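Reviewing the structure listed below.
The values are calculated or read from the model by the stated rules, or taken from the named source; none is laboratory data. All values derive from a computational prediction rather than experimental measurement. Counting neighbours? That spans all protein chains shown, and the Cβs are built from the backbone with ideal geometry, glycine included. In case anyone asks, the SASA skips ligands and DNA or RNA and just uses the protein heavy atoms, side chains included. Shrake-Rupley method; radii C 1.70, N 1.55, O 1.52, S 1.80 Å.
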Amino acid sequence: MGNFATSAFGDLVQPFQIETFGLRGRLVRLGGALEAAVENHDYPAPVAALLGEIMALAAVLASGLKYDGVFTVQTQGDGPVAMTVANVTSEGDLRGYARFEEPVRAMETPEAPVPRLLGAGHMAFTVDQGADTERYQGITELPGGTVS
């Protein structure tokens, strides 16, 4: 688990604004948190890349919310990567996990990971602020070729 808000290894979410173009956004850089998740589970390259995208998505979305608890992004599908999950605590701790079938180890990282790795399925976003509050959850399909 890494803390993307304070890690010395380069995990960060940095808001930015370019007023000339009316552009606002957030830069996400994952180093230690992603490395820890990948190294602890020996993920093959396609799974590690997909998990990295899910963890980056969780970090950027969580950084734009005010909550006291855990923000979770989870995918489930009928493909060889049955599930991915990334959690971000309100303190900035980030972790990720993926469940996959062994044949994925022989695959190259596909250009369209959603249909090739996740298959048909959905993505859920959950904010859990503890026992005294209701959880908020949103669910969406996984259309297109990439998580973005």
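General observations
- The chain: angle of helix 45-63 to the longest principal axis, Cα-based, in degrees nearest 10: 20 degrees
- Counting 0.36 nm for each residue step from Ala49 to Asp132 and taking away their Cα separation leaves a gain of 26.3 nm.
- Remark: the Cα gyration tensor places the stretch 25-148 in the prolate category, a/c being 1.5 or greater and a/b exceeding b/c.
- For the stretch 9-59: rounded, prolate or oblate by the Cα gyration tensor [a/c cutoff 1.5]: prolate
- For Thr146, the residues whose modelled amide H falls within less than 5 Å of its own, excluding neighbours fewer than 5 places apart on the same chain, are Val114.
- Computed per residue of the chain from DSSP H runs no shorter than four, each worth -39500 (n - 2.57), the mean residue ellipticity at 222 nm is -6500 deg cm²/dmol.
- Cα-based helix-to-principal-axis angle, 32-41 vs the chain, degrees rounded to 10: 30 degrees
- Apportionment of accessible area to carbon and sulfur, the chain, percent (1.4 Å): 50 percent
- Distance between modelled label sites at Glu102 and Glu19, nm, 7 Å Cα→Cβ extension: 6.0 nm
- Relative contact order (%) - the chain, alpha-carbon pairs under 8 angstrom, separation at least six: 22 percent
- Label-zone membership for the stretch 86-104, site Asp42, 7 angstrom Cα→C-beta point, backbone N under 17 Å: 98-104
- Order by protection proxy (mean Cβ within 10 Å, highest first), peptides 106-113, 20-27: 106-113, 20-27
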